[in-house]
1. If the Cβ limit is 9 Å and pairs must be 6+ apart or interchain, which residue in the range 14-28 that is assigned to a loop (DSSP other than H, G, I, E, B) pairs with which residue that is at pLDDT below 95 and surrounded by fewer than 12 Cβ atoms within 10 Å (Cβ to Cβ)?
2. Restricting the range 125-149 to residues that are of a type in the set (D, E) and assigned to a loop (DSSP other than H, G, I, E, B), which is surrounded by the fewest Cβ atoms within 10 Å (Cβ to Cβ)?
3. Could you tell me whether the range 54-72 includes any residue that is part of a strand (DSSP E or B) and of a type in the set (D, E, K, R)?
4. If we scan the range 80-94, do we find a residue that is closer than 16 Å to T45 by Cβ and under 12 Å from the mean Cα position of the chain (by Cα)?
5. For the range 61-90, name all the residues that are surrounded by 11 or more Cβ atoms within 10 Å (Cβ to Cβ), small (G, A, S) and without any contact (Cβ under 8 Å) to a residue 24 or more places away in the chain.
6. Quick one: is I39 over 16 Å from Q93 (Cα atoms) and in a strand (DSSP E or B)?
Amino acid sequence: MNAITVVDENWAIGKDGGLLAHLPGDLKYYKEKTLGNVIVVGRKTLESFPGGKPLPGRTNIVLTANPHFEAERCIVCRSKDEVLAKLQAFDGQEVFIAGGAAVYQQFLDDCDAFYVTKIDAGFAADRYFPNLDALGYQVRWESPAQEENGIRYRFLKYRRP
């Protein structure tokens with residue numbers, strides 16, 4: 001299982017239900033990694049997608065405690081155990097834990113690879129990803145720095161220690 005996220009220099013991932021910055025290169029990278037695979041997101045993350053709709057070309061699994069929540073073209077689960085049971089049907093496809101903060105936290109120990117877009121700046125934020133550097137995770141690959149909209153960032157792939 002994988003996690004995919006974009007963080008700032010403080011491991012912040014969002015503010016007020018949105019991303020910290022609009023980076024077309026990161027959105028393209030996210031699409032390249034997840035297309036044809038499975039993403040697991042929380043309800044608020046699903047609602048932050050364009051039109052509040054599931055992302056096309058992927059199996060969208062939504063984890064929510066809301067017993068009445070339903071979403072078209074999504075598999076809705078009420079617990080981590082239910083998500084893990086549903087994932088057994090997708091053997092052979094890569095699974096990406098894709099946010100938000102509570103979902104990342106629940107699945108951190110289940111992930112082996114972490115695809116992190118790291119922004120070389122800090123932003124005001126109210127949601128964070130665990131600091132993989134402080135936890136001793138190892139960078140296995142790093143892209144050259146890129147810049148868009150005046151923001152420098154890199155793609156990194158981490159593995160657990």
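1. Once the first residue is assigned to a loop (DSSP other than H, G, I, E, B) and sits in the range 14-28, its partners that are at pLDDT below 95 and surrounded by fewer than 12 Cβ atoms within 10 Å (Cβ to Cβ) give A21/N149; H22/N149; L23/N149.
2. D126
3. no
4. Within the range 80-94, not a single residue is closer than 16 Å to T45 by Cβ and under 12 Å from the mean Cα position of the chain (by Cα).
5. Correct list: S79, A85.
6. no
The values are calculated or read from the model by the stated rules, or taken from the named source; none is laboratory data. Just so we're clear, the structure is a prediction, and the values are computed from it rather than from any experiment. Cβ sites come from the backbone with ideal geometry, for glycine too, and all protein chains shown count toward neighbours.
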